[in-house]
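S.K.: Quick one: the structure is below, and I'll ask about it shortly.
The values are calculated or read from the model by the stated rules, or taken from the named source; none is laboratory data. None of these values were measured; they are calculated from a predicted model. Here Cβ is always computed from backbone atoms with ideal geometry, including for glycine, and neighbour counts include all displayed protein chains. For accessibility, only protein heavy atoms count, side chains too; no ligands or nucleic acids. Shrake-Rupley method; radii C 1.70, N 1.55, O 1.52, S 1.80 Å.
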Amino acid sequence: MTMPVTQCIIKLHEERHDLEDYQGGVPRWCSGCGDNAILTAVQRLCRDENLAPERTVFVSGIGCSSRFPHYMKTYGFHGLHGRAFPVAEGIKMARPELKVFVNTGDGDCCSIGAGHWIHAIRYNMDMVVILHDNHVYGLTKKQASPTSPIGFKSNTTPRGSYLEALNPLTVTLGVQNVSFVAQAVDWVPELLFDIINAAYHHKGFSFIRIIQRCPEFLPKVFEPWLADPAKTLILTHKDGLTLSPETARTYKNQLAHDPADIDRAREIASSEDPIPVGILYRNPDVPCYEEVRHAGAMRTAAQLRAGLDAELDRVTVWPRS
Amino acid sequence: MDRATRFDAHFAFVATGRREAEGLEAADGLIPAAFAPYRDLARLRHDYPLVLTREPRGPGPVHSLSGLVDRVLRELAPKGMAGERLRKQALRLERDIRARAFHGQHGLLSELWEHAAAATGTHSGDNSEEVLRYTASALKLDGDTVACDAAMPARLIAHAWEEGHAARARAFRKLCDALCVRLADILRAAFIHSAAGMTAEALRASVGSPHGDEFDFAAMSRLVSRRAPRDELPAARRGRIESALATLRSQRFYPDPRAAEGEAASAYEFRFADCAAAAAAFRERLPAMVETVKAIAIAELETEGRYDPAHHDGFFEEFASHSLNAEDLALFPDYLVCIEPGRNADPANANLMEMLSSGLPVKVLVETGDALEEATLGSGHFAFGVRSTRLAMTATSLGGVFVLQAPGSNLYALRERIAAGLAHRGPTLFSVFAGSDEPAAGLAPYLTAAAAMQSRAFPSFSYDPHAGGNMAARFSFENNPQPEADWPCAALEYSDEQLQREVAHPAFTFADFALCDRRYAAHFARVPRDHWNLAMVPAADWLALAGDAAAQHVPYLLAVDADNVLHRVLVDTRLMQATSRCLTLWHRLQELGGIHNSHAERLLAREKAAWEAQRAAELEALKGSVPPERGKGEDEVAATAVPAAQVAAAAVPEAQPEPARDPAVAWIETARCPSCNECQLINDKLFLYNANKQAYIGDLKAGTYRQMVEAAESCQVSIIHPGKPWNANESGLEELLERARPFQ
């Protein structure tokens, strides 16, 4: 198969990057924090896909999860609390060729950022969204978040939280234009990487909820699941995940689930014991907002300037002569 | 005349082509009996006329009038009797438009629709004219109407080519505009950061006229010049970018339609009437193509910041026409050559085969109006279209050429193939028979063209070299009627002298096609009704007779005159020889298309014999191994035994068990490591990370058993297995072994 001269030339002198090449600052997360596993998996993805650091951007809000861009040697935007999605959408509209990742937490996404979250799903812009769900506001030292389990005692809920935890999966699956939803856990790194890899290769808004441990404020909440692999339900399918023999030996509780079946996905998503891990839903045919809204004609710099001048001149206060 | 004399007269004509005896008449004015129902094409619903539209994002550039009317009726006419009146009026209007087109009235569909609505409405009375005008609003498209005549193939192909050309122009302009904008941005950014960009005049121009007097630009210039970082574009890079920009802006393959009058370069012409002109134009423009591809490559590298002079300068210095490949040529328009009927043998088209075999991006339409042309070697045998009917077959052997052969009547049905041919990256040949130059009895070009395909004289087929790796994928001729038969047969109803209904199934042969051309009327002789005899057999059946039997019979065709009276016409030997050769070529085409493929049939027969032998052997073996059940025969027992054997063979093997490990040796389940750094913080020489940043045990001597146990205890996922101590002198081993037990 031939390819144009330009592609031949570009491929001739491609640079390869090792995993360390994507390491930015030294992570300041607590030792044992699940964010480290997510960071490793994402760096592996960047290495395996040979992502150009100058064409990759990580966008985050506020929280432990949102320290992520500092630890990646790519472009990054550490923004305001709950506002990672609008920034990521703006980046994608202006520079659709960039690979955009969003790192958000259970507070940043499901609490203050919930409004942006719902509509980001609808826009279905091509980006990978990683929800670092540790069930607590960790950076601000232990407050209940929307995904904290009922009865959780924290600084803001000293008698235990009163509400059932929000399920980010069922919420996402209930929004129009949803195209990719998956769940992973940070203590099964093979599946964590496979899911992030699948999300990267999906064209559209890829939402991954990663249930991660917070060794500081919720050290034992996931112990039953870590101790008993049967409490983790692995979703397998030829269009979803396939396990290596080693992982299959440990995690025998498996369920064949077709990611194209949204009704079944919603049913599986509402389960919390066992925790379903895998690709719940994938639909490659949902159009992406940036393609639907892409301007037809290229605007020159002169045209942009003329347009701006015309708009600004309309409200200019003319000095008295 | 007695019977013997009649047979002699018939045989003499068949053998010599001369009508010597009385009773044999000329076949002037006769047409094949199969055409009797189709004399007035204007009144019959068929694909033509076509409507050639120009909708950039519509359903396609070619539509049939009947298809459009059907669409309008589906949208507007309610089901059942309520819509019946509208349907009748619309079909009457369609017939009127068809008749106008058939009689040479050209124009846009909307214009013909308007005239037809007026004529049909006047005829029907009441508000029919208004209703029919209203139906035009449901059309949603408009274009030129084209009847099936000699000019139609060229118009159709050229129209489809122009639509493809417009789409390619849009794609090229999008690419070119994006690159030009980005290159201009690089130059502009360099200017802003340069000394020239920081002068007072440049700063004044950047602020804009309304506030030109508000600032001291001289002071501003001094300020920004002092602090702003300089970023002068290297001269070589500037030259490279400016050169690429100039090339892209001045290329003539797809000029910018937004450029002002007089500013845009004049576009190259890509339509030619002969191969020599097209080849000359390609040679002349090759340097410009090389420069444009080079400019695009440089622009893409520069805009992505990937241009490395050390690597790329040498490459582009050597870049020339030999560097272009099919993907690069696909950026540019294809060259369309439309060769009119009768000009195929012109000297200007002598290099047609060479052009097709060279891989040039050329689309050639070769039209012919004579599929029965005589050989230049002299009289005696039909060459029947050496240049026309065999041109396409020859082109398929060149490799890499997309070939489509079809009569004009079939072009609409093959519009997707035509589109595939125009989109093919490489040379394409369209060989079209547009209808006889001298049709018998005023037969319409549509009918003579259809007859050419029906009779296998000009069968329809296509060859797409990129459709797959073998002939089965590439070669297609499913549009031919009854492709598995030698000749297509259709039912012919007629009434005999007693006005009783009779049905015949005559084959439509090459000889029937020859009857459609008045130049070959001399090869036929009409036999009066009372001279019909049993020695006369249909021409298709006569071909199948062995030598002796053939000598005892004479071949005939069924034909009709202007009053639709049925006649039998004898066919002379010369024409029958040509018919036989046509059949031989058709058989060859069938094999290529996978029908009666002799190799496949031979292989199938061999495999079938082997399978039957194997089955017989298995049955014999089973007789000995499986005791027959009471009441069952051997076959039933064999049938039940085979499925059981198949199920046993399909049993899934169990998964491999985990390899046994020495419990005394420390190990980590590296694949399950979540990279949490717990163990690394304890001892980063005892616990190392692999390339995937997952932990494994490094140097045991670099750490203590205590550290190993502590790491196992702090590991969140419990994947560290401490094993037994490797240093017996380490203190507190008893306590450590106890703590290590849960992790072994």
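S.K.: Within segment B:298-324, how many residues turn out to be among the polar types (S, T, N, Q) and part of a loop (DSSP other than H, G, I, E, B)?
M.R.: 0
S.K.: Let me ask you something else. Among residues belonging to segment B:301-333 that are in contact with a Lys or Arg (Cβ under 8 Å, 6 or more places away or on another chain) and under 24 Å from residue A:98 (Cα atoms), point out the one that is nearest to the other protein chains (Cβ to nearest Cβ).
M.R.: Within segment B:301-333, the match that is nearest to the other protein chains (Cβ to nearest Cβ) is B:307.
S.K.: Mind telling me which of the residues A:258, A:239, A:263 ends up being acidic (Asp, Glu), away from every other protein chain (no Cβ under 14 Å), part of a helix (DSSP H, G or I) and farther than 27 Å from residue A:144 by Cα?
M.R.: A:263
S.K.: So for segment B:94-102 (the condition being in a strand (DSSP E or B) and closer than 30 Å to residue B:509 by Cα), does at least one residue qualify?
M.R.: Checked against the condition, which is being in a strand (DSSP E or B) and closer than 30 Å to residue B:509 by Cα, segment B:94-102 yields no hits at all.
S.K.: If you check A:77, A:58, A:68, A:85, which single one turns out to be closer than 29 Å to residue A:15 by Cβ, in a helix (DSSP H, G or I) and at pLDDT 95 or above?
M.R.: A:68
S.K.: Assuming residue B:140 fulfils every condition listed in (1) of a type in the set (Lys, Arg); (2) more than 22 Å from the chain's Cα centre (by Cα); (3) more than 17 Å from residue B:64 (Cα to Cα) apart from one, which condition is it?
M.R.: Evaluating residue B:140 over (1) of a type in the set (Lys, Arg); (2) more than 22 Å from the chain's Cα centre (by Cα); (3) more than 17 Å from residue B:64 (Cα to Cα) leaves (3) as the failure.
S.K.: Right, another one. Taking only pairs six or more apart or across chains, which ones have beta-carbon atoms under 7 Å, a first residue in segment B:664-689 that is under 21 Å from residue A:185 (Cβ atoms), and a second residue that is in a loop (DSSP other than H, G, I, E, B) and small (Gly, Ala, Ser)?
M.R.: B:676/A:31; B:676/A:32; B:677/A:31; B:678/A:31; B:678/A:32
S.K.: Okay, moving on. Give the number of residues within segment B:694-714 that are within 14 Å of chain A (Cβ to nearest Cβ) and at pLDDT below 90.
M.R.: Going through segment B:694-714 one residue at a time, the tally reaches 1.
S.K.: OK, next. Can residue B:97 be described as in contact with a Ser or Thr (Cβ under 9 Å, 6 or more places away or on another chain) and within 14 Å of chain A (Cβ to nearest Cβ)?
M.R.: For residue B:97, the condition - in contact with a Ser or Thr (Cβ under 9 Å, 6 or more places away or on another chain) and within 14 Å of chain A (Cβ to nearest Cβ) - is not met.
S.K.: Related question: I need a count of the residues in segment A:242-255 that are crowded, with 17+ Cβ neighbours inside 10 Å and part of a loop (DSSP other than H, G, I, E, B).
M.R.: 2
S.K.: Related question: Do any helices (runs of 4 or more DSSP H) entirely within segment B:532-616 hold 1 or more residues that are in contact with a Pro (Cβ under 9 Å, 6 or more places away or on another chain) and buried (at least 17 other Cβ atoms within 10 Å of the Cβ), and if so, which?
M.R.: Because the criterion is at least 1 residues that are in contact with a Pro (Cβ under 9 Å, 6 or more places away or on another chain) and buried (at least 17 other Cβ atoms within 10 Å of the Cβ), the helices (runs of 4 or more DSSP H) in segment B:532-616 that meet it are B:539-543, B:573-592.
S.K.: Of all helices (runs of 4 or more DSSP H) completely enclosed by segment A:109-223, which ones contain at least 3 residues that are more than 14 Å from chain B (Cβ to nearest Cβ), open to solvent by less than 50 Å² (accessible area, probe 1.4 Å) and within 30 Å of residue B:719 (Cα to Cα)?
M.R.: Filter on segment A:109-223 gives A:189-201.
S.K.: Could you tell me which of the residues A:54, A:89 is touching a strand residue (DSSP E or B) at 6+ places or on another chain (Cβ under 9 Å), acidic (Asp, Glu) and within 18 Å of residue A:19 (Cβ to Cβ)?
M.R.: Answer to the check: A:54.
S.K.: Sort out which residues of segment B:660-683 are more than 7 Å from every other protein chain (Cβ to nearest Cβ), in a loop (DSSP other than H, G, I, E, B) and either within 18 Å of residue A:43 (Cβ to Cβ) or touching a His at 6+ places or on another chain (Cβ under 7 Å) (or both), and write them in order of number.
M.R.: B:666
S.K.: Filter segment B:247-267 down to the residues that are exposed (fewer than 14 other Cβ atoms within 10 Å of the Cβ) and either assigned to a helix (DSSP H, G or I) or of a type in the set (Gly, Ala, Ser) (or both), then identify the one that is modelled with the highest pLDDT.
M.R.: B:266
S.K.: Check whether at least one residue in segment B:491-505 is of a type in the set (Asp, Glu), surrounded by fewer than 21 Cβ atoms within 10 Å (Cβ to Cβ) and either assigned to a helix (DSSP H, G or I) or touching a residue at least 40 places away in the same chain (Cβ under 8 Å) (or both), and report yes or no.
M.R.: There is no residue in segment B:491-505 that is of a type in the set (Asp, Glu), surrounded by fewer than 21 Cβ atoms within 10 Å (Cβ to Cβ) and either assigned to a helix (DSSP H, G or I) or touching a residue at least 40 places away in the same chain (Cβ under 8 Å) (or both).
S.K.: Here's a follow-up. For residue B:163, are the conditions met, namely being in a helix (DSSP H, G or I), out of contact with any Pro (no Cβ under 8 Å at 6 or more places or on another chain) and of a type in the set (Asp, Glu)?
M.R.: Answer is no for this residue.
S.K.: Across segment B:45-60, what is the total count of residues that are outside any strand (DSSP E or B) and modelled with pLDDT of 85 or more?
M.R.: Total meeting the criteria: 5.
S.K.: Turning to a different aspect of this structure: Name every residue in segment B:716-744 that is open to solvent by 20 Å² or more (accessible area, probe 1.4 Å), within 14 Å of another protein chain (Cβ to nearest Cβ) and in a loop (DSSP other than H, G, I, E, B), in order of residue number.
M.R.: B:716, B:718
S.K.: How many residues does segment B:420-445 contain that are open to solvent by 10 Å² or more (accessible area, probe 1.4 Å) and closer than 21 Å to residue B:483 by Cβ?
M.R.: Of the residues in that region, 1 qualify.
S.K.: Then there's this: Of everything in segment B:170-201, what is open to solvent by less than 60 Å² (accessible area, probe 1.4 Å) and away from every other protein chain (no Cβ under 14 Å)? Give them in sequence order.
M.R.: B:194, B:195, B:196, B:198, B:199, B:200
S.K.: Every residue in segment A:7-20 that is open to solvent by 70 Å² or more (accessible area, probe 1.4 Å) and either over 30 Å from residue A:219 (Cα atoms) or modelled with pLDDT under 85 (or both), please.
M.R.: Once the filter is applied, which keeps residues that are open to solvent by 70 Å² or more (accessible area, probe 1.4 Å) and either over 30 Å from residue A:219 (Cα atoms) or modelled with pLDDT under 85 (or both), segment A:7-20 yields A:7, A:11, A:12, A:14, A:15, A:16, A:18.
S.K.: Just to be sure I understand, how many residues within segment B:325-339 are part of a loop (DSSP other than H, G, I, E, B) and either among the hydroxyl-bearing types (Ser, Thr, Tyr) or surrounded by fewer than 19 Cβ atoms within 10 Å (Cβ to Cβ) (or both)?
M.R.: 2
S.K.: Going through A:42, A:59 one at a time, which residue ends up being aliphatic (A, V, I, L, M), in contact (Cβ under 8 Å) with a residue 12 or more places away in the chain and away from chain B (no Cβ under 13 Å)?
M.R.: After ruling out the rest, the residue left standing is A:59.
S.K.: Continuing with the same structure: Applying the selection to segment B:142-168, what residues are in contact with a strand residue (DSSP E or B) (Cβ under 6 Å, 6 or more places away or on another chain), within 19 Å of residue B:404 (Cβ to Cβ) and not small (Gly, Ala, Ser)?
M.R.: B:146, B:152, B:153, B:155, B:157, B:159, B:161
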